[in-house]
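> Once you've had a glance at the structure underneath, I'll fire off some questions.
Each reported figure results from applying straightforward, stated rules to the coordinates on display, with no laboratory input. If you're wondering where the values come from, they're calculated on a predicted model, not measured in any experiment. Don't worry about glycine lacking a Cβ; one is built from the backbone with ideal geometry, like all the others, and counts go over all protein chains shown.
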Amino acid sequence: MTAVARPDTTSTPDGRKVRRTVAHSIASAHLGRFGLLALLVLVIIIFSVLKPTEFATWANFTQTADQQASVMIGGLAVMLPLLTAEIDLSVAANISFANIVLSVLTTNDHMSVGLGVVLAIVASTAVGLGNGLIVDRLQVTSFVATLGTGTLLGGLGLAVAHSMDILTVPSSVTTIVRTKVWGLPLSVVYAVVAMAIVGMVLRYLPVGRKIRAVGANPRAAVLTGIRPSLYRVASFTVGGALAGIAGVVITGQLGSATAAGSADTLLLPIFAAVFLGSTAFTPGRPNVLGLFVAALFLAFVSSGLVMMGAPAWESPLINGAALITAVALSSWALRLRARRFRAEQLKQIDRDDQDQVGEAAAAV
């Protein structure tokens with residue numbers, strides 16, 4: 001029996017095309033994963049050259065990071081439900097609610113700061129749990145449920161504050177946020193710690209893989225023994241706790257609370273950062289590192305343009321454009337990933353067929 005020699009495709013002219021295609025795919029993949037990080041570095045370099053004495057200063061960097069701390073923590077609160085294919089539109093209202101609760105307890109009721117912080121976070125956690133139960137048990141779509149919850153929290157915040165703004169909270173509240181450690185405000189430290197914890201849980205612990213499995217394919221998750229309802233409710237609950245932490249940070253930064261909601265304007269920046277971040281590192285899927293880079297990118301672009309004399313309306317314009325662009329890019333990345341998966345499956349089928357033909361020819 002004589003074995004049939006298989007042609008060496010890599011030595012043919014087509015082999016060069018294959019290598020070029022592979023190289024192009026690798027370059028595209030790297031561009032998709034690290035493109036946002038490269039843009040952040042480019043933005044910093046450009047504005048540092050244009051405004052070296054204003055932009056390229058440690059004070060500007062720390063101030064910008066401080067302003068984005070609540071966006072980063074709030075982004076985590078949005079990201080967890082998103083990983084289970086749900087959405088939380090009440091996150092900004094929940095942050096405002098925690099801001100109001102903490103301000104009222106520590107100012108009007110003269111409660112200790114530690115207990116006030118705990119109760120504010122517990123209140124926001126309860127809101128997140130309520131969202132999860134409404135979505136999972138009552139089968140209300142998360143878009144409608146959380147939109148309703150956000151409106152409800154607006155009225156509840158007015159009731160808690162008796163429709164009165166709190167102009168000044170105790171200095172002990174601002175101290176736990178504004179105090180600097182290693183040159184950074186504690187608000188930034190809280191944000192980095194929260195992102196590190198969430199990132200490690202999602203990446204290294206089984207619960208993180210189960211959360212992603214629920215979002216990717218709930219039916220397949222059930223077949224593997226995962227309870228989608230449990231992780232869906234848990235994602236909303238933990239998201240509520242994170243919104244409470246963001247509310248505490250906002251209270252310390254502002255030193256006040258508005259009965260109508262101090263953090264409602266954060267909704268668009270938070271979603272813009274989350275969706276823009278989902279285009280980086282793991283394109284098409286929300287991730288902690290992408291959220292961090294996206295929040296800084298949007299903040300530094302806005303800060304640089306302000307220093308260049310841009311009008312006040314540029315910030316919401318940038319956030320809105322970033323949100324639309326990010327959603328479009330995320331959808332494109334998901335479609336691209338699906339096409340690549342199908343292409344790999346077809347290639348594997350072709351290889352299997354070629355192996356079977358080779359074995360049959362060798363047996364003749």
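> In the range 33-363, with Lys and Arg counted as +1 and Asp and Glu as -1 at Cβ, which of these residues, Val274, Ser90, Leu186, has the Cα nearest the positive end of the dipole, that is, farthest along it?
Val274
> Take the alpha-carbon centre of the range 112-160, take the same for the range 171-207, and report the distance between them in whole Å.
If you average the Cα positions of each part, the centres end up 22 Å apart.
> Sticking with this structure for a sec: Pairs of alpha-carbon atoms within less than 8 angstrom and 6+ residues apart define the contacts here; what relative contact order does the range 33-363 have, in percent?
Numbers: 508 pairs, mean separation 99.1, N = 331.
RCO, the range 33-363: 30 percent.
> Over the range 236-290, what number does the Rg to Rh ratio reach, with both radii from the alpha-carbon atoms and Rh per Kirkwood?
Values: Rg = 13.6 Å, Rh = 12.8 Å.
Ratio value, two decimals: 1.06.
> Let me know the shape class of the range 30-107, please: from the alpha-carbon gyration tensor, a ≥ b ≥ c as square roots of the eigenvalues, rounded when a/c is under 1.5, otherwise prolate if a/b is greater than b/c, or oblate. Write out the running numbers ahead of the final one.
Numbers: a/c = 4.61, a/b = 1.40, b/c = 3.30.
Because a/c hits 1.5 or more and a/b fails to exceed b/c, the range 30-107 counts as oblate.
> If each residue of separation counts as 0.36 nm, what is the full-extension length gain between Ala321 and Met308 once their alpha-carbon separation is subtracted? Display every interim value, and only then the final one.
Details: separation 13, 0.36 × 13 = 4.68 nm, distance 1.97 nm.
Once the chain is fully extended between Ala321 and Met308, it gains 2.7 nm.
> Another question, then. Sort 264-277, 128-141, 66-79 by packing, meaning the average of other beta carbons within 10 Å per residue, with the highest value first. Please report the intermediate quantities before stating the final value.
Numbers: 264-277: 23.9, 128-141: 18.6, 66-79: 28.1.
Those peptides, ordered most packed to least, come out 66-79, 264-277, 128-141.
> OK, next. For the pair Ala126/Val144, report the inter-label distance in nm, with labels modelled 7 Å from Cα in the Cβ direction.
2.6
> Can you pull the Kirkwood radius for the range 155-236, inverse mean 1/r over Cα pairs, to one decimal in Å? Write out the running numbers ahead of the final one.
On the way: mean 1/r = 0.0607 Å⁻¹.
Taking every pair of different Cα atoms in the range 155-236, averaging 1/r and inverting gives 16.5 Å.
> Taking R0 as 51 Å, what FRET efficiency do you get between Ala159 and Leu50 from their Cβ-Cβ distance, rounded to the nearest 0.05? Mind dumping the intermediate values first?
On the way: r = 48 Å, r/R0 = 0.95.
According to the calculation, E is roughly 0.60.
> Taking square-rooted eigenvalues a ≥ b ≥ c of the alpha carbon gyration tensor, is the range 33-363 rounded, prolate or oblate, where a/c under 1.5 means rounded and, failing that, a/b exceeding b/c means prolate? All intermediate terms of the calculation are to be shown ahead of the outcome.
Numbers: a/c = 2.41, a/b = 1.46, b/c = 1.65.
Because a/c hits 1.5 or more and a/b fails to exceed b/c, the range 33-363 counts as oblate.
> Taking just the C-alpha trace of the range 90-225, give me its Rg and Dmax in Å.
Cα radius of gyration and Dmax of the range 90-225 are 18.4, 54 Å respectively.
> Rg and Dmax of the range 200-239, Cα atoms, in Å?
Every Cα atom of the range 200-239 included, Rg and Dmax give 9.5, 26 Å.
> In nm, give the distance between the simple-model label positions of Trp58 and Ala216, each being 7 Å from the Cα along the Cα-to-Cβ direction.
Once both label points are built, they end up 4.4 nm from each other.
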